[in-house]
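The values are calculated or read from the model by the stated rules, or taken from the named source; none is laboratory data. Values in this document were obtained by computation on a predicted structure and should not be read as measured data. In this analysis, Cβ positions are derived from the backbone assuming ideal geometry, glycine residues included, and neighbour counts consider all displayed protein chains. Only protein heavy atoms, including side chains, enter the accessible area calculation; ligands, DNA and RNA are left aside. Shrake-Rupley method; radii C 1.70, N 1.55, O 1.52, S 1.80 Å.
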Amino acid sequence: MTALSPNITSRKADAHGELSVACRSEADTCCTTVQFSAKPFWIFDLDGTLTLPVHDFDYIRRELDVPSAADILGYLDSLTGAEASWRHCRLQEIEMDLARKAVPSPGAAEAVARLHQAGAQLGILTRNDRDIALLTLDTIGIGHYFASENVLGRNEAPPKPDPAGIHRLLSCWGAAPEDAVMVGDYLFDLQAGRAAGTATIQVGRPDGKSWPEFTDLALATLAELMIYFQ
C-alpha cells in the first residue's frame with residue numbers, strides 16, 4: 001500500500017459519483033487517491049469515536065492510584081497480586097457506569113448504518129473490556145451492526161497502539177490491510193492503523209489535538225463521512 005500523506009488536496013466525485021480524497025505525497029511529487037467508499041473493512045475505536053468522550057482519565061488515575069504521567073493499562077499490567085486485583089475491579093466498575101451512560105457521537109449511528117448497508121465488515125478495537133464495549137454499543141443503539149466476535153477489547157488483543165488487534169480482525173475476515181480503514185480519535189488508534197498498513201481516519205476531539213503524520217483523513221465528526229456514500 002502506498003504511504004499516504006495527511007495533506008488532503010482535494011475531494012472529488014468520479015463519473016459514478018464515488019467520492020475520493022486526493023492526498024499529496026510527502027515529497028510533493030505525486031498524488032494518491034483514497035477511495036474510502038470502496039473500502040470493505042472498517043475498524044472503529046469506541047470511546048470518543050462512536051461515543052461522546054466522557055472518560056475523565058485524571059479521575060480514573062486518582063481512583064486507581066496510578067501515577068499522573070503513566071498509561072493506565074500499562075501501569076496496571078506492571079502490577080501483580082492484590083495491588084493489581086483491586087485496581088482492575090475498580091476500573092471495571094468505572095467503565096461499566098460510563099457504558100450505561102454512553103451517548104453516540106454526532107453522525108456515528110448514521111455512518112455505521114450506511115457502511116452496513118453498503119456491505120462493509122465492521123469491527124471494534126478498544127482498550128476497554130469487551131463486555132463493556134458490547135454494553136456501550138447496545139446503549140448507543142448500534143450493537144446489532146457488530147458481530148460479537150468482531151469486537152475486541154483489551155483481553156482479546158494487546159492494547160493499541162499495538163496493531164495485533166487489527167491484524168486479528170483482518171485475518172478473521174480474510175482481508176488485506178489496504179482494503180481496510182481504522183477510525184479513531186486518539187494517537188494510539190492512528191498509530192495502530194498505520195502500523196497495520198490500513199488507511200486511517202481521525203475524528204475530531206474536544207481538545208483539538210491531531211496527529212497528521214498518522215492520519216489520511218481528518219473529520220470534525222463522523223457525520224462528514226456520509227459525503228463518501230451519497
Förster radius 30 Å - calculated FRET efficiency between GLU93 and ALA38 (Cβ-Cβ, nearest 0.05): 0.10
Under 5 Å, built H, 5+ apart or other chain: amide partners of GLY48: VAL54
Heavy-atom accessible surface of the range 83-189: percent carbon and sulfur, 1.4 Å: 50 percent
Accessible-area order (highest first, 1.4 angstrom probe) of the listed residues TYR59, TYR228: TYR59, TYR228
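Could you state the accessible area per residue of the range 28-130 in Å², with a 1.4 Å probe and every protein chain left in place? Don't skip to the answer; put the middle values down first.
On the way: 5010 Å² over 103 residues.
Each residue of the range 28-130 exposes 49 Å² on average to a 1.4 Å probe.
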FRET efficiency, 1/(1 + (r/R0)^6) with R0 22 Å, evaluated for LYS101 and ALA70 via beta carbons: 0.30
Long-range amide H partners of THR200 with built H, under 5 Å: MET182, ASP216, LEU217
Options MET182, SER210, LEU225, ranked by Cα towards positive dipole end of the range 79-230, top entry (Cβ charges): SER210
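Give me the extension gain from GLU149 to ALA118: residue separation times 0.36 nm, minus the current Cα-Cα distance, reported in nm with one decimal. Don't skip to the answer; put the middle values down first.
Working: separation 31, 0.36 × 31 = 11.16 nm, distance 2.04 nm.
Going from the current span to full extension adds 9.1 nm.
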Aspartates and glutamates whose Cα lies under 12 Å from that of LYS160, excluding same-chain neighbours fewer than 8 positions away: ASP45, ASP71, ASP189
Size of electric dipole in the range 22-177: Cβ of Lys, Arg +1 and of Asp, Glu -1, about Cα centre, debye, nearest 20: 400 debye
